[in-house]
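Just so it is clear, none of the values below were taken in a lab; they were calculated from the coordinates. Bear in mind that the values here come from a model prediction, so they are computed numbers and not experimental data. Neighbour counts run over all protein chains shown; Cβ positions are idealised from the backbone, glycine included.
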């Protein structure tokens, strides 16, 4: 299958994922130099002719979010000015997705601002995964392919043969996603009624809705940041008689005290994907399992390049 005009380039955020995608597609990684001047300005130069090439730039906008977004915009601009036929920004983790609406007076909608920046830089298409809210796709005036890591996580869970499984949503907002997981693995569903303190904004678990006594509970979320919510949810499940607690999330941001909290919690295993590169502390944790989404992204890139349907991956 000829893909001579397909090139996968990587920003500095996650070169390992870009390498895995290139290997899956059997293409050589794109040659470019991404550096920074002493004052931290981005310096980028493409080291090969990409005129008429279908370019895919792999760059999650995770840790050091602003720097990674700026890198991505500079790279897109370079490819546009070098006459690439199409530029697809592959953003496994879309930063600022949690700022998708005005939920307080006089605040920005930063998810829309980032969409505008990427479009203005010259991106022709966006390939992303598990947006915090699906309606963020509508912030773009260019095509967006929105993948889900559910098949990767569900396949792993199915191979573990956990008995008496109940999939648990840590809040009411994630109930639809948890229901989809429960249906795919043939499990029961429970929901945690989470409320936040009006003074501190900290999550306070109130009630567990559903039967979890003596069950293997799989806590399912899209993003785990400081792990405060997921740990409190696990503690509530333990109080309500859960036998084992497994947590899973697509995006393991795991910032601040997250890993320490996970280690001290009743959570037996935390399953995340490599949409975000994991720190050394995360990699050395015996509780954290990281699954690769390179194959899933590679399949989508191949379909986009060959102009075939990507719909089969939207599950």
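For the chain, rounded, prolate or oblate, judged on the Cα gyration tensor with a ≥ b ≥ c (square roots of eigenvalues), a/c < 1.5 rounded, else prolate if a/b > b/c? Prolate. Taking packing as the residue-averaged number of other Cβ atoms within 10 angstrom, the listed peptides 239-245, 252-258, 216-222 run from highest to lowest as 216-222, 252-258, 239-245. Out of all DSSP beta bridges in region 150-291, what portion is antiparallel? Express it as a percent rounded to 5. If we restrict to bridges inside region 150-291, about 25 percent are antiparallel.
Peptides 99-105, 109-115, 75-81 ranked from most to least packed by the mean count of surrounding Cβ atoms within 10 Å: 75-81, 109-115, 99-105.
The C-alpha atoms of the chain define a longest principal axis, and helix 15-25 lies at about 80 degrees to it.
Subtracting the Cα-Cα distance of residue 39 and residue 195 from their residue separation scaled by 0.36 nm leaves 51.8 nm.
The relative contact order of the chain, computed from alpha carbon pairs under 8 Å that lie at least 6 residues apart in sequence, is 13 percent. Antiparallel beta bridges, as assigned by DSSP with both residues in the chain, represent about 25 percent of the total such bridges.
Each peptide in 8-17, 288-297 gets a packing score, the mean of other Cβ atoms within 10 Å over its residues, and the list from highest to lowest is 8-17, 288-297. Summary value for region 150-291: 19 percent relative contact order, contacts being C-alpha pairs under 8 angstrom separated by 6+ residues. Put the Cα centre of region 123-140 next to the Cα centre of region 37-98 and the gap is 16 Å.
With the Cα gyration tensor of region 179-293 giving a ≥ b ≥ c as the square roots of its eigenvalues, does the rule (a/c under 1.5 for rounded; else a/b larger than b/c for prolate; else oblate) give rounded, prolate or oblate? It is oblate, given that a/c is not under 1.5 and a/b is not larger than b/c.
Shape class of region 72-179 from the Cα gyration tensor (axes a ≥ b ≥ c, square roots of the eigenvalues): oblate, since a/c reaches 1.5 or more and a/b does not exceed b/c. Between the Cα long axis of helix 110-121 and the first principal axis of the chain there is an angle of about 20°, rounded to the nearest 10.
The C-alpha atoms of the chain define a longest principal axis, and helix 294-305 lies at about 40 degrees to it.
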